[in-house]
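One structure is given below, encoded as C-alpha cells.
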Amino acid sequence: MVPALDSASLKATLLNAGWPDSLVSEYNELIENEPKLPASIILTGITKSFEGKSVLNGVNFTIAPGELFGIIGLSGAGKTTLLNILVGFLQPDAGTIFLRLPNGQDVELEKKLELVKRMVGFSAQHPSFYPKLTVRENIEHFSALYQVPLEQRRELSTMLIRGVGLDGSENVLAQNLSGGMQKRLDIACAMVHRPKILILDEPTADLDPLIRAQLWKLIRAINSQGTTIIVASHFIGELERNCSKIAVLNHGIIADVDSVDGYRKKNGNLYEITLEPSGSRNELLEILKSHKNYERLVQRGNKVVLYTSSPKKALSELVALSSDAGIKMKSVKLDKPSLAELVHNLMSP
Amino acid sequence: MNASVSAFMANLLIMVQKNIKLLLRAKSSALIVIGGPLFIILFAGIAFDHTNIYAVSIGAFSPSYNDLSNSFLERLSEKNFKVVRYPDAESCRDAIKKGEINTCAVFSKDFALAKEGANELSFFVDYSQINLVWTIVNTMTERVTARSIELSENLTSIVLNALDYSRLAVTESRPDVITLTTENDEIGRRVVNIQSELSEIELGLDPNEFAVSNLSKKKASVKHWIDNSLGIAKESLDESVSFIDATDELVQGSAAGGTIGQELLSKFIESVDEINALKGRLDDTELLVNQEFGELQIIIDTIIGKITQTKAIVDHANSVKEFSVDELDSINKLLDKSLVNILDVQKTLNSVEKTISSIEVKDASSIVQPIITTIKPVVAEKSYLNYIFPTIVSLILMFTALLLAPTLIMLEKNSPAYFRNYMTPAKKITFFLSIFLTCIILLSVQVLIILGIAGVFFSEVLVSLPSIVLVMFLGMTLFTGIGMIVGYGFTSEETAILGSISLGSVLLFLSDIIIPVESMPHWLGSIVSLNPVILVGELVRKTAVFGLPFSALGIDLLTLAFSGVVAIAFALVVYYGTEPRFIQKALSKVFKK
C-alpha cells in the first residue's frame, strides 16, 4: 500500500515525476481543500450474470487508499464487468461495493452514485473525449461539468495539460493527437475533478513501449499524490513493475489478490529453466516428452522454458538426456519465474 | 440565483458552446445544417424575386394556321414564352411527355371567332408536374382570355356602335314622329271639318222646285196669251182694218170722201198698210214668238233635261258626298288609329332611346368583362417571394430543426465523450436542454438572416416584430422538439437523418404546399391542418406578410405553443427512455477490446 502523502512528500513526488515547480505548487494548493481520501474500496461477494452466464461470481477484495491496484485476467475473465460495476455503470446481481470513508463510515456505492461520480475518475481503453475539441477545450469542458469554478478552470487545464505532458498541444484538436497523447488527454479528462480514485482500463493498450513507459510514469505520479488508482491491464509485466497490489481475475472469480512480492513468496519453490538448443528445438522437445520432472513447458521462439520446483534434479536429467541424444545447448538459464508465469499458473486449470 | 442554479446554467452554457463548436467543426454537418437552409433562402430569394414565368415552352398545332391562331401564338411569344410549332397534335402531345415543352395548344381547324366548332383552343398539360401545371393553366388561360377579350371587345364595339347609331337615329327621328303626330292630328281635324262641311252640303235637287212643268205651262200660257195677244192684235188689226175698211167704205161711201176723204182714205190706206205691216209684223212676231217659243221650249226642255241631268249629277254628287263622308269618317278613324300607332311608335322609340340611353356601360371592355376579376394581393405585391415567404420560412425551420437536432444529438450520443459526460455529475436534463438551446440559438441566427431578407420585402416585418419573434420561437421550439424526438428515437446518425428527411417529407407532402388542404378529404384535411408546417406557415403569413398583431393570432398561436410543449415533453420522454441504451452503447465503445 502506498501511504498517504503529506504536502511536502507530495511536492517531492511530483517534482520527482518531472512536474514543474510552479505547477506542483498550484496543484498542491488545489488539493488542499479537498476532502480526505476514503479509507478504502471494499468489494464483497460481487456477482453478475448476463443471460444466465455467470461473469463475476462472488468477487471479494479490498483496495486501500492511495494504492495502485492492478487487475489482471484473460479476455472474458470479467475485468470489464467488474470495472463497470466499480464506476456504477452496472449494478451487481449480488454483493456490495463500499467506500469506507476516513471516519469509518461505509458508503454503499450503488446508493451513492453521485458521490462515486465525484470521487472516481475513469479512463477506458478507448479515450472518451470530444475529438473535435482541442485539448484545452476538452479539459475545460469536463471540468465545467464537474463544476470546477470558472476562475480555476483555466489554470487547472493548464496544470493538467502540463501534468500529462501535453503542453504545446493544448490547442490541437484531440482527433489530431497521437494514440499516446490521446490516452494522456483521456487521463487528464478523468482527472479534472481531482478524483480520489482513478480507474484505468488497459491504459497502455495499443501504445508503443516508450509511450507506455511515459504513461506509467504519469500514473505513478498521480498515484503518488494519494490518488487511488485501479488499473486493469493484460500487460502483466507493467502491473508487476508498477502496482502495489494485483488481483488475478479468472472466469469471474478472484483467483488471488496480493502484492508482487506476496505472489513470489507464495510461489517461492518454483524455478524457470530456459533451454536454447544450437539446432532445432524439435529434438529437444522429443526427449522432453519422456522427461517428466517439470510442471509446465513453454516454447518461446527456439527456446524451451520449463517450470519446476526441483531445478537441480531437472537440470542434471536434462544434461544427461541431451548428451545422450547429441543435442548441443547454446545456452541454459536458471531463474525465478516472472509474475506472469505465476499468474498464468493461477489461471491454469 | 442559488449556487446549484448558477452551476446548472454554467453547465448549460458550456454545453451549448461545445455543441456549436462541434457542429461548426464537423464541416459537412455545418454546411448541411446551417449553410443549407441559408442557401435555400438565398436561392429562393433569387428564384422568386420576380413576377414572371421564365422558360415555359408551349407547343402549338393547328390544322390550318390563320391570322387569328397566329395572333394568339404571337401574343404568347411576346410574353416570354417559347412557342414551338408541331406538324400534328400527336407529336405536340408527345413533346410534353418527353419534357420538350410544358403545354400543347391545339387550335381547331379554321380557327375563328364565335364560330361553333371552329373556335376551340385546347391546351394539353402534364398534370404530373403538379407544381407547374396550375401556373401554366392560369397563365395560358390569362393570355388566351386576354386575346379572346380583345376580340370580343372588337365585336362588342361594333354592336355598341350600331346601338349608338340607332339611339342617335331614334333621337333624330323623334321630332319627325312628333310632326307626324301633329300632322296626323291636323289631318284628322281637317278631315272632320271636311266631313262636317261635306255633311252640311245639301245636294238634294228637286226638279219640282224648278217648276219646269209650270214653266212649260207658263210658256204655254205665255204663248197662249201671246197668241191670244197676237190674235187680239190681229183681230184688232183686222178689226182696225175692218174698221178702216168700214170707215173707208164709209168714207168712200160718205161725202166726206174728197181730200179729207182722200186723206182719210189715204190715211186709211196708210193705216191699213200700216196695220197690214203691223199685221205682217204680228205674223212675224207670231212666227218669231212661235219660233222663240219653240226655241224656248227647247231651252226649257234642255233646262229640264239639264235639271234632270243636274239632279242626277247632284244625286251622284250627293252619293259621292255620302261616300266621301263615310270615307272621311273611315279616314278619320284610320287617322285616329294611325295616330295611336304613331304615338305607340313614338312611345316605342322613346322607350328604345331610353333603353339605349339607360345602358350605362358603353365601354366594350366593360361589357366583355362586366366584372373584372382582378386578384390583388392583400399586401403590396413585389415578387413571388411574397407568396412563398411563409412557406419557405416554415420549411427552413422544419428542415433545419429536423436536421440540426438529430445531428447534434447524434454528435453527442455517438461521441466517445458520451461516456465521460455520463460520468460527470452534470444533470441529465442539462444535456437535453443544451441540445434544445443550441438548436434554438442556431435557428435564431438563421431566422435573423431570414428576417433580414424579409425586412427588405415586407415592411410589416418590422411593425409586427414581437409577434414574428414569438411565432418564430414557438415554431423553432416545435420543430426542434420533433427533431429531438427523432434524434433520441434513432440509434445511428444515418437512420436519424433518414428519419428526419422522411418525417420532413411527410410533413411537406401533407401540407398545403403541394396539395391544398381544401382539396383533401375532410377527415384528412382536419388532421393535416394541425401539421406544424401549416401552423407555422399560417402564423408567419399572418405576422410577416399581413403584419397582424399578437392579439390577432388567436387559437393558431395557442395551438402552436401547445404543440411545441407537447413535442418537447415527448422528446424528453424519449430521451430518458432511450438513454440506458445509449449508455450501454457508449460503454461497449470505450470497453471494446
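The values are calculated or read from the model by the stated rules, or taken from the named source; none is laboratory data. Remember, it's a predicted structure, so these values are computed and weren't measured experimentally. Because the Cβ atoms are built from the backbone with ideal geometry, glycine has one as well, and the counts that use them run over all protein chains shown. Accessible surface areas use protein heavy atoms only, side chains included; no ligands, DNA or RNA. Shrake-Rupley method; radii C 1.70, N 1.55, O 1.52, S 1.80 Å.
Key figures for this structure:
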read-out: Total charge dipole magnitude, the stretch A:295-349, about the Cα centre, Cβ charges on Lys, Arg, Asp, Glu only, Debye to nearest 20; value: 200
read-out: Summed buried accessible surface, chains A and B, 1.4 Å probe, nearest 100 Å²; value: 3100
read-out: Number of partner chain Cβ atoms within 10 Å, mean per residue of A:115-128; value: 4
read-out: Set of lysines near residue B:234 by C-alpha distance (under 25 Å), chain-local residues within fewer than 8 positions excluded; value: B:217, B:218, B:219, B:223, B:267, B:279
read-out: Amide H within-cut-off set for residue A:232, under 5 Å, with H built and near neighbours excluded; value: A:71, A:200, A:201, A:202
read-out: Carbon and sulfur %, accessible surface of chain A computed with the full protein complex present, 1.4 Å; value: 50
read-out: Two-site FRET efficiency, residue B:199 against residue B:312, from Cβ-Cβ distance with R₀ of 22 Å, rounded to 0.05; value: 0.55
read-out: Most positive-pole-ward Cα, A:203, A:70, A:171, against dipole of the stretch A:7-263 from beta carbon charges; value: A:171
read-out: Neighbouring partner chain Cβ atoms per residue of B:14-26, average, 10 Å criterion; value: 4
read-out: Proximal aspartates and glutamates to residue B:109, defined as alpha-carbon separation beneath 13 angstrom and excluding residues fewer than eight positions away on the same chain; value: B:67, B:88, B:120
read-out: Cα-based radius of gyration of chain A once divided by 2.2 N^0.38 Å, which approximates compact folds; value: 1.15
read-out: Only Lys, Arg (+1) and Asp, Glu (-1) charged, at Cβ; chain A dipole about Cα centre in debye; value: 760
read-out: Sites residue B:350 and residue B:154 - FRET efficiency at Förster radius 30 Å, r taken between beta-carbons, to 0.05; value: 0.45
read-out: Above-threshold pairs, the threshold being 29 Å between Cα atoms, out of A:265/A:312; A:245/B:413; A:112/B:589; A:48/A:336; value: A:245/B:413; A:48/A:336
read-out: Structure-based [θ]222 nm, chain A - -39500 (n - 2.57) summed over DSSP H runs of at least 4, per residue, nearest 500; value: -12000 deg cm²/dmol
read-out: At least 20 Å along the helix axis (C-alpha) and Kyte average at least -0.5, DSSP helices within chain A; value: A:209-224, A:311-325
read-out: The stretch A:118-173 - charge dipole about Cα centre, Lys and Arg +1 at Cβ, Asp and Glu -1, debye rounded to 20; value: 120
read-out: Amide H contacts of residue A:134 (H built 1.01 Å from N, under 5 Å, at least 5 apart or other chain); value: A:174
